[in-house]
Each structure stands twice: as C-alpha cells, then as structure tokens.
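Student: Just passing along the structure, written as structure tokens.
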Amino acid sequence: MEIILKYRGRIVTKDDVEDIRQLMTDHPEAARYTLSNKLCEFWDWRQPNGELKASVCRSLMLSLHRSGHITLPEPRVKMGGQNRAKPAKVENLDCSTIEMTLKELGPLEIKKVRRTQHETLFNSLIETYHYLGYTRPIGEHLKYMVWAQGRPVACITWCSPIQHLNCRDHYIGWTAEQRLENRHFIAHNTRYLIMPWVRVPHLASHLLGYFSRNLSKDWEDAYAHPIYFLETFVDPELYKGTCYRAANWISLGMTAGRGIKNKTNKAVLPPKELLVYALKKDFRALLCPEEVSTAEL
C-alpha cells in the first residue's frame, strides 16, 4: 500500500487518489464544495454526530492539489481570511459601567448563540473588544453569550483542540494513535471576553465553573460525544490567567511558540502558557484506552 498523504488522521493511498480522480471525471461540472461532499459520502467519512467531514475533506483535497496529485477545478468563490469581511463594529450599545458584586448583578442568562439571531452580535463584540479580534472557528465549536440585567456581559468560544501540544500530550500520557483517535474529547477555549465596562469580581471564574459543569452535555447535544478535558492559552505578557487559576485550572507550562503550520523547530510566535482543566477524574483512562480503534477518522 503506497501512502501519499496523512491528513487529520486519514491515510490517503495511491488507490484513494485514483478514486478522487475518477470522482472528478464522473462529475466534471462539480465545484470543490460538491466534490468534497461526494468524496465524504464515498468514504463514509463523518463526524461523531454523523455529519460529513466536508470542510476537512476540502482541505485534504487542496493539499493533494498543491502537491500535484490531483487538479481541482478553479474555486468559484474566493475564500480565506484576507477576503472574508470582518464583523462590523458594535454601535449603539450601552457601555455604561456595571460595577457591583456578583450577587448584586443578579441572575445570569447563558445562551448558545451559534446559528442564532445573536451570532452576529457575538462576532462583533469579539471583533470590537477582544484583543485578538474575531477569527472564524474551525471544526467543532460552540459560542456562548452571557446576559445580566438585560445587557451582554461576556462572550465565550469553545473549539476543537490544538492538534499537538507537547506539555499537554505528556501530561495526558497518550500515544500518537490515541491522540488521533480521542482528541475530539478535548475542548479549547479560544476566546473569553468579559465586557470592558463590567467590573464584577469573581464573574469570570464563576462562568468557568458553569462551563465545567455544563459544556460536556452541550457538546454531546451538538456533536454526539462528550468532553473530558479543557485547555486554553494565556499570553503572560498581557494576562496572569487569574480567573482560570481561581476556577482550579492548572498550568502545564509554556508552549514552544512554533505554531501548528510551522515546519521548522524555530519559534515564530510568542510562547503562551497552557492551562488545563479535567472534567473527569479518570480522564486519562477515557483518553488513553488500552484498546484503540484503528478505523480511519
């Protein structure tokens, strides 16, 4: 078996490449989007919730295209961060200071806003007030907005985990095969925004406590599998990660700063502190089962 490419746990052989070429021959007018869906159906390549892995498949096909193994049709819609419009700046929002105790703030309304009428506002708040701005999440993800006294007070995004982190992987103790098989049981907190006009002590750690109790169930509702482990990055040049530490997250040390797309061993990004939280006491047994399926992801 001649292996051409390994991508997101999927092994692509020479025979697979021939199947892709035949698929394109059979559907000469099909766009890249349609081809990726048809290839997922042919491979029965699906997420745990049964949906096709079409987005990942398009990236895989693009890798084969760039390496000269297949020739994809020209894209019909320009994609990419440089062509995707940024969320609009937030206007006409009440930014008056909220300064009180958590008890005085009153009941919190926490809503999942992905694919709802509130998602546009969520994206704009992140773009306007988060120091990293808004970036479109990739893979499995959930977006939450928190309201109090009729006003938004926080935005939180949870996404698929980083593919490979030395300090995390060593802490969990899994093999490369176990990581490929089970990393979808980890959620990464990519954005956490308390609105700049909100000055409520302990609100940030209180919300982290809420997600430690409820995120896994929400994830299972959306993607048909639970979450056992949480992770996030903190930039030590800007923040101390106080709310995470107050919510009993632990530090696993600093990242190497190489980035997931860097092919060298040189640091190209500022190192970040990795903080983690185990949702299950037996997370290692759950993430590192003795028998690991060899089925393709």
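Yes or no, residue by residue, for (1) in contact with an Asp or Glu (Cβ under 6 Å, 6 or more places away or on another chain); (2) in contact (Cβ under 8 Å) with a residue 40 or more places away in the chain; (3) crowded, with 16+ Cβ neighbours inside 10 Å; (4) in the same structural domain as residue 194 (by TED's automatic domain parsing):
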{"position": "111", "(1), (2), (3), (4)": "no, no, no, yes"}
{"position": "117", "(1), (2), (3), (4)": "no, no, no, yes"}
{"position": "129", "(1), (2), (3), (4)": "no, yes, yes, yes"}
{"position": "132", "(1), (2), (3), (4)": "no, yes, no, yes"}
{"position": "152", "(1), (2), (3), (4)": "no, yes, yes, yes"}
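Student: Now for a different question. Residues in region 198-205: is at least one among the polar types (S, T, N, Q), under 26 Å from residue 103 (Cα atoms) and over 17 Å from the mean Cα position of the chain (by Cα)? Reasoning before the result, please.
Tutor: Going residue by residue through region 198-205, those that are among the polar types (S, T, N, Q) are 205.
Restricting the remaining residues to those that are under 26 Å from residue 103 (Cα atoms) gives 205.
Checking the rest, the ones that are also over 17 Å from the mean Cα position of the chain (by Cα) come to 205.
Looking through region 198-205, at least one residue is among the polar types (S, T, N, Q), under 26 Å from residue 103 (Cα atoms) and over 17 Å from the mean Cα position of the chain (by Cα).
Student: Of the residues 72, 35, 23, which single one is part of a helix (DSSP H, G or I), outside the structural domain of residue 185 (by TED's automatic domain parsing) and touching a residue at least 24 places away in the same chain (Cβ under 8 Å)?
Tutor: Exactly one residue qualifies, and that residue is 35.
Student: Moving to a separate point now. Hey, does region 222-238 have a residue that's assigned to a helix (DSSP H, G or I) and within 17 Å of the chain's Cα centre (by Cα)?
Tutor: Among the residues of region 222-238, at least one is assigned to a helix (DSSP H, G or I) and within 17 Å of the chain's Cα centre (by Cα), which makes the answer yes.
Student: With the condition kept exactly as written, say whether any residue in region 148-165 is more than 19 Å from the chain's Cα centre (by Cα), over 29 Å from residue 49 (Cα atoms) and of a type in the set (A, V, I, L, M).
Tutor: yes
The values are calculated or read from the model by the stated rules, or taken from the named source; none is laboratory data. Quantities reported herein were computed from a predicted structural model and do not represent experimental measurements. No Cβ is skipped: glycine too gets one built from the backbone with ideal geometry, and neighbour counts run over all protein chains shown.
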